[in-house]
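Let me begin by presenting the structure, written as structure tokens, before commenting on it.
The values are calculated or read from the model by the stated rules, or taken from the named source; none is laboratory data. Nothing here was measured: the structure is a model prediction, and the numbers come from that model. Neighbour counts run over all protein chains shown; Cβ positions are idealised from the backbone, glycine included. The area values use the complete protein model at the heavy-atom level, side chains included, leaving out ligands, DNA and RNA. Shrake-Rupley method; radii C 1.70, N 1.55, O 1.52, S 1.80 Å.
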Amino acid sequence: MKDRTPTYSLGSNIMFSLRTHWKAKKSTLIFCALDAVMSVLLPFVRILLPKLVIDELTAGTTPAHFATVVGGGAALLLVLSCVKGYTDVIATHSVGTMAAIESVSQMMGKRMDMDYEVLEDPASKAVEEKALRASESNHSPAHNIPRTLNRLISNILGFSLYGSVIAIIHPVILVLLILSAVISWLSLSSARKYERETRGERSALHKRLRYIQESTKSPERAKDVRIYSMSPWMKSLFSEIASELEARSGKVATRNMVAQLVDGGLILIRDGAAYAYLTYLLLRGSISLGDFVLVFSAIGAFAGWVSGIILQSSELMRASTEMGDIRAYLDIPDKSNRGQGVPLPSGDALPPAISVRNVSYRYPGADTEALKDITFDVRPGERIAIVGPNGAGKTTLVKLISGLYRPQTGSIKVAGVNIQEYNRDEYLTLIGAVFQDIHLLTTDIAGNVSQAPPEATDYQRVEECLRLAGLHERVQAMPDKEKTLLVRQINDNAVELSGGEKQKLALARALYKDAPLIILDEPTAALDPIAESEVYRKYAELTKGKTSIYISHRLASTRFCDRILFLDNHTIAETGTHDELMRLGGKYAQMFGLQAHYYRSDAEVELR
Ligand code: ADP
């Protein structure tokens, strides 16, 4: 699979993160900066205080002077501790929480906004998977870039301040301390590099684990799991992948551990040597006891600043890689026209004519074409039926007409304009559709029909559409009528609709939209024969003043349409009215004969 992930520089990722935080809440960043200063000042005052005490004692100052210096130092320490306590909470918790919320909202927005075709593309799914992994919790490095940056800055400040103190005693000690730090850095960054390079493999395993886990949540799959006793198989699949993941994560952990060991060993050597030298200077009388105490503490803490710089730098790099993953998802380009488009048809151009010319379509990564060289015209207001066996390409064709996919070759014109020239979102307003997979919102029935909040819902129109779709009586019998909540999984007092009722609701939703081009993909597949014949009977009323496309694999269900396109083997095999196609005596007639035999109820409907 082609890796379409763009790369982002460390600087641009830091700026992106800071901009996001600044936009969301400016004070968080200000407190973060203050925390960086506090992180250095507080420990420095702590190691300075013993030196001041010793200096005062050895200099033999007055008790009042002693009390002022020591009391002042202690008071400063108290104030700094309080401020640090506050800024620490902001820097440690608020930053990650806020960024996680922002990132979820950005990714949700992107998911709902991107081209449907791009959303379905396996290549985008891989990019999305990486972005999800990078943003899954408040603690994700990408969400904590300001905190990491803050820690890095405080470590650099600490390094400079303590380094200056040590350098005053002897610059060689400083050189020794820095040299060993560089070796630690190299060892740690090689471990991090390995971790980065192997992320793709681990991410793929995570994706499979998540898929299995998600499948057990779906009520549809829950039935299969029970009936086909799939539980042991799914569990063993899960543990197989989980152990593979564990083994790979183990390798990363081992490399990290070795790097930490090298770092720890070096700290031991460099501090040991520096302390020995300092003791030598004290015994020789080259430094005062106060300076000895100050530098002794500074050397001990210096290692912390150095490893802090190393740790926070690598953490920042890791965060930057993950931020890059998130941004790569947010930046996935759309293929359709999102800018200025040709104005939408109006007046005489509605309902629109459709003209499909030599259209072929192959799904991303597929070996064969789902549609081959399709050409046909639909007159304004014409009722077209697209029929044919499963997998012939019917749904793909209407998704192309809906602008959800773009054909690789050929063109589709609606109201005389190539649909790619319209602005994508404007074009979609022309279409009312019922697709096979129906998803309900966790709101009431009216909201599910209008797809809008209560204040923007026309309740009278909701009622009319429910009546036309054949669901009115059932809704009236419900406790809160149109205001009855749906989706039991979320609302305890919600009503659960049957498959057929959901289909009727989806039909009402398409009618409510009142778009000039209506597309119904197998809208009666889950209906009982009486409800189905009701839809056939009312079809003219349902599609009045609209151009309509009705898809079905049941040939008998389309005689109420003006014309039939019979799709077979990914192309249009025959076209004409039902009578014409029957007279032709081709594949349609042959399949109609077969189906009429099996779907007796259909045959009866046809005979009426
Ligand atoms: P129909 O609606 O006639 O049953 P479809 O349009 O759904 O047929 O499918 C046409 C062909 O495209 C089938 O061979 C199907 O396997 C393939 N196909 C459908 N959806 C996808 C997809 N998202 N990715 C890859 N292939 C697909």
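Here are a few things to note about the model shown:
- All of LEU440, LEU397, LEU404 fail the test of being more than 16 Å from the ligand (Cβ to nearest atom) and either among the aliphatic types (A, V, I, L, M) or at pLDDT 95 or above (or both), apart from LEU440.
- Some residue of region 115-127 being in a helix (DSSP H, G or I), surrounded by fewer than 18 Cβ atoms within 10 Å (Cβ to Cβ), among the charged types (D, E, K, R) and in the same structural domain as TRP305 (by TED's automatic domain parsing): yes
- Residues located in region 176-212, provided they are β-branched (Val, Ile, Thr) and closer than 29 Å to LYS235 by Cβ: THR198, ILE212
- Condition check for LYS544: within 16 Å of the ligand (Cβ to nearest atom), basic (Lys, Arg) and in the same structural domain as ILE384 (by TED's automatic domain parsing): no
- Checking SER533, SER450 one by one, the residue that is closer than 21 Å to SER402 by Cβ, in contact with a helix residue (DSSP H, G or I) (Cβ under 6 Å, 6 or more places away or on another chain) and away from the ligand (no atom under 16 Å from the Cβ) is SER450 and no other.
- For region 247-258, the count of residues that are among the charged types (D, E, K, R), in contact (Cβ under 8 Å) with a residue 40 or more places away in the chain and either under 30 Å from ILE299 (Cα atoms) or not assigned by TED's automatic domain parsing to the domain that holds LYS193 (or both) is at least one.
- Residues that are charged (D, E, K, R) and within 16 Å of the ligand (Cβ to nearest atom) were ranked within region 93-152; the one that is farthest from GLY308 (Cα to Cα) is GLU117.
- The strands (runs of 3 or more DSSP E) falling completely within region 373-449 that include 1 or more residues that are more than 28 Å from VAL475 (Cβ to Cβ) map to 383-387, 409-414.
- Scanning region 558-573 for residues that are charged (D, E, K, R) and more than 41 Å from the chain's Cα centre (by Cα), we see that the one that is modelled with the highest pLDDT is ARG563.
- Per-region count, region 525-559, residues closer than 16 Å to GLU382 by Cβ and outside any helix (DSSP H, G or I): 10
Per-residue answers, yes or no, for (1) surrounded by fewer than 19 Cβ atoms within 10 Å (Cβ to Cβ); (2) outside any helix (DSSP H, G or I); (3) among the polar types (S, T, N, Q):
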position: PHE66; (1), (2), (3): yes, no, no
position: VAL70; (1), (2), (3): yes, no, no
position: LEU77; (1), (2), (3): yes, no, no
position: LEU80; (1), (2), (3): yes, no, no
position: THR87; (1), (2), (3): no, no, yes
position: ALA91; (1), (2), (3): no, no, no
position: THR97; (1), (2), (3): yes, no, yes
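- Of all residues assigned to region 44-57, at least one qualifies as being in a helix (DSSP H, G or I) and exposed (fewer than 15 other Cβ atoms within 10 Å of the Cβ).
- Top-ranked residue in region 372-387 [being within 12 Å of the ligand (Cβ to nearest atom) and touching a helix residue (DSSP H, G or I) at 6+ places or on another chain (Cβ under 6 Å); ranked as modelled with the lowest pLDDT]: VAL387
- Checking each residue in region 310-347 for being without any contact (Cβ under 8 Å) to a residue 40 or more places away in the chain and either crowded, with 21+ Cβ neighbours inside 10 Å or assigned to a helix (DSSP H, G or I) (or both) picks out only GLY347.
- Cross-chain or 6+ apart pairs with Cβ under 8 Å, region 105-128 first and under 13 Å from TYR363 (Cα atoms), then at pLDDT 90 or above and open to solvent by less than 20 Å² (accessible area, probe 1.4 Å): TYR116/TYR405; GLU117/TYR405; VAL118/SER124; VAL118/ILE332
- Taking the numbered list (1) within 26 Å of the chain's Cα centre (by Cα); (2) modelled with pLDDT of 90 or more; (3) within 16 Å of the ligand (Cβ to nearest atom); (4) crowded, with 17+ Cβ neighbours inside 10 Å in turn, ARG424 passes all entries but (3).
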